[in-house]
Amino acid sequence: MITKLSLSMLFMLSGCVSTQFTSDEPSVSQAPTTPPPVQIILDGELDDWYGQTGIRADNDEVFICFESFDESQAIQAADFTTRIRIDADADSTTGMRQMYHTKDEASGQPMMLSQGVDLTIDISPEGRDFGTLRGGSNTRLHTANSTQRVSHADVGFYFLPTHNSPRYEARLDRTRMPLLQHDGAISIVVEHRAVGGEVLKTQSFTTTLPKYAPSKPINTPIAPTPKDGVRVMSTNVLFSTPLNDPEPFVRVLDAMNPDVVLYQEWFKTTKDEVRAWFDTHLDDDFTNSIIDDTSGVAIVTRLPIIEGGIESISEPGASRSRGIALAVLDASEPGSSVPKPLIVVSVHLKCCGGAGSEEDVKRIAQAHQINRIVLELRNKYPDAGVVIGGDYNLVGSRVPLETMSKGIGRDGQDLVPVPTTCLGTQSMLTWTDADSSYTPGRLDWLLVDDRAWTPMRSWSLDTEHLSEQLLKDAGLERDDSRATDHLPIFVDLIPAKE
């Protein structure tokens, strides 16, 4: 299984990782068990922070790790506001002067300090109606005399995980923020505020930024599928966008050359229309497919399908059921008389809602049903590998992911999520919409039975981060990844050694 260390080495060799790093002292009285890492991989797992909270910065990004006020809620759909206030030069006399609550470290008594705030980010901000909060975020730039509303995309802000967590890690893009392009002090205060403004919790961090130097786009050729391996791709096509704008999707397929594609959101499109698109735009050997024109999930592959179809999964209180596409593929070498079964599943769980919401309950129920369906198939093919990919919509709890993976790997092991770090970045974002109030997040996942098939590499693709030469060599265009709001995710698998 790919580890965070091996991913770091891969990206360093690709020339797309920043290596100059600085860190402040821990904000909690917990010493790290090992030295701080040379970089942060923004994946929402937070193990590379070694139990610390605080700021780390490299030559073109600033990372923040902070505690949640209530870990049972995802902070972008919470009943409290998480306010992040950035004083870009740690100078209370510049920017907009604001006071914040803290405690005297010696006495433990409450006290007020002043901060010169240059940027404020409210997560679950106040709504239009007094005394209410809304989902998403609100970002504002400040000077001494004015405040300007901007998008989270304007400052390159996002955080992970997207689901509920006791701690979060966030980042800011120094390339998009001239305020952060100096090599001096920075101060950040994270407040959790109740409806009406009462401060519930405060965390404050200070560090020194290293010299600013924007990283170069990745220029390493995209690796081919390993010998005897299978490349699986999962992609959400945003309400059947390929029907009217096929070129970006075709270019990505041609460049990445997957063996199996797990599709979501072929919405309001018949099976015949989807199959006709495949026949028109895919290679001639992509002749095998399973399509559901109700829930929009599909599988298309160049591998033989041993068996497969659409399985319905119900939603509590829903008038109709969703479907999953699943297939048992023969992944054996050409000419082999012994099939090598690989179970692949395309899923699209219920969207929206926070942890414990009606939507989250539906996601959990769907995950239970998917787990049961795959387990039945797994029992029929005990030596098969399993890949479950798609849009999991984990914006509430992580329970659906854990439920779906439970006990359906070889020998009753759980499936494991593979790391899908975006090529040319240090993050595992899979969804982004600059016009949405919701910040980018990780909605798309690939669960793999690593006891049966070993993940050799896994990633997501955003053409924005590729060099001009690599785009040209791969036959891609700069805006290809903006044809949909989800990034395609990939995993290369090889049979595990017995």
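Only one of 382, 400, 488, 455 is of a type outside the set (Lys, Arg), touching a residue at least 60 places away in the same chain (Cβ under 8 Å) and touching a helix residue (DSSP H, G or I) at 6+ places or on another chain (Cβ under 9 Å). Can you tell me which?
Values: 382 fails: touching a residue at least 60 places away in the same chain (Cβ under 8 Å); 400 fails: touching a residue at least 60 places away in the same chain (Cβ under 8 Å); 455 fails: touching a helix residue (DSSP H, G or I) at 6+ places or on another chain (Cβ under 9 Å).
Criteria check complete, one pass: 488.
Of the residues 290, 299, 324, only one is under 25 Å from residue 254 (Cβ atoms) and either under 26 Å from the mean Cα position of the chain (by Cα) or surrounded by fewer than 14 Cβ atoms within 10 Å (Cβ to Cβ) (or both); which? Show your work before the answer.
Values: 290 fails: either under 26 Å from the mean Cα position of the chain (by Cα) or surrounded by fewer than 14 Cβ atoms within 10 Å (Cβ to Cβ) (or both); 324 fails: under 25 Å from residue 254 (Cβ atoms).
Criteria check complete, one pass: 299.
With respect to residue 459, determine if the residue is in contact with a Gly (Cβ under 6 Å, 6 or more places away or on another chain), crowded, with 17+ Cβ neighbours inside 10 Å and aromatic (Phe, Trp, Tyr). Don't jump to the end; show me each part of the working.
Numbers: in contact with a Gly (Cβ under 6 Å, 6 or more places away or on another chain): no; crowded, with 17+ Cβ neighbours inside 10 Å: yes; aromatic (Phe, Trp, Tyr): yes.
Considered against the rule, which asks whether it is in contact with a Gly (Cβ under 6 Å, 6 or more places away or on another chain), crowded, with 17+ Cβ neighbours inside 10 Å and aromatic (Phe, Trp, Tyr), residue 459 comes out as no.
When the range 407-460 is examined, which residues are found to be in a loop (DSSP other than H, G, I, E, B), within 9 Å of the chain's Cα centre (by Cα) and charged (D, E, K, R)?
Within the range 407-460, just 442 meets the criteria.
Being more than 20 Å from residue 330 (Cα to Cα), modelled with pLDDT under 95 and surrounded by 15 or more Cβ atoms within 10 Å (Cβ to Cβ): is that true of residue 236 here?
Working: more than 20 Å from residue 330 (Cα to Cα): yes; modelled with pLDDT under 95: no; surrounded by 15 or more Cβ atoms within 10 Å (Cβ to Cβ): yes.
So residue 236 does not fit the description; no.
Which condition does residue 364 not pass, out of (1) assigned to a helix (DSSP H, G or I); (2) under 25 Å from residue 166 (Cβ atoms); (3) touching a strand residue (DSSP E or B) at 6+ places or on another chain (Cβ under 9 Å), if it passes all the others?
(3)
Looking at the range 121-129, is at least one residue more than 18 Å from residue 199 (Cα to Cα), in contact (Cβ under 8 Å) with a residue 24 or more places away in the chain and out of contact with any Leu (no Cβ under 6 Å at 6 or more places or on another chain)? Let's see the steps before the verdict.
We begin by selecting, within the range 121-129, every residue more than 18 Å from residue 199 (Cα to Cα); these are 128-129.
Narrowing further to those that are in contact (Cβ under 8 Å) with a residue 24 or more places away in the chain: none.
No, the range 121-129 contains no residue that is more than 18 Å from residue 199 (Cα to Cα), in contact (Cβ under 8 Å) with a residue 24 or more places away in the chain and out of contact with any Leu (no Cβ under 6 Å at 6 or more places or on another chain).
I'd like to check which strands (runs of 3 or more DSSP E) are fully inside the range 41-160 and have at least 2 residues that are more than 21 Å from the chain's Cα centre (by Cα), of a type in the set (A, V, I, L, M, F, W, C) and not assigned by TED's automatic domain parsing to the domain that holds residue 427. Lay out the reasoning, then the answer.
Details: elements: 54-57, 61-67, 80-87, 96-103, 110-117, 119-123, 137-142, 147-150, 158-160.
The qualifying strands (runs of 3 or more DSSP E) are 80-87, 96-103, 110-117.
Please work out if residue 140 is farther than 22 Å from residue 183 by Cα and of a type in the set (D, E, K, R).
Working: farther than 22 Å from residue 183 by Cα: yes; of a type in the set (D, E, K, R): yes.
Yes: the conditions hold for residue 140.
Would a scan of the range 349-364 turn up a residue that is more than 26 Å from the chain's Cα centre (by Cα) and either buried (at least 20 other Cβ atoms within 10 Å of the Cβ) or β-branched (Val, Ile, Thr) (or both)? Walk me through how you get there before you give the answer.
We begin by selecting, within the range 349-364, every residue more than 26 Å from the chain's Cα centre (by Cα); these are none.
There is no residue in the range 349-364 that is more than 26 Å from the chain's Cα centre (by Cα) and either buried (at least 20 other Cβ atoms within 10 Å of the Cβ) or β-branched (Val, Ile, Thr) (or both).
The values are calculated or read from the model by the stated rules, or taken from the named source; none is laboratory data. Quick caveat, the model's predicted, so the values are computed rather than measured. All Cβ positions, glycine included, derive from the backbone under ideal geometry; neighbour counts span all protein chains shown.
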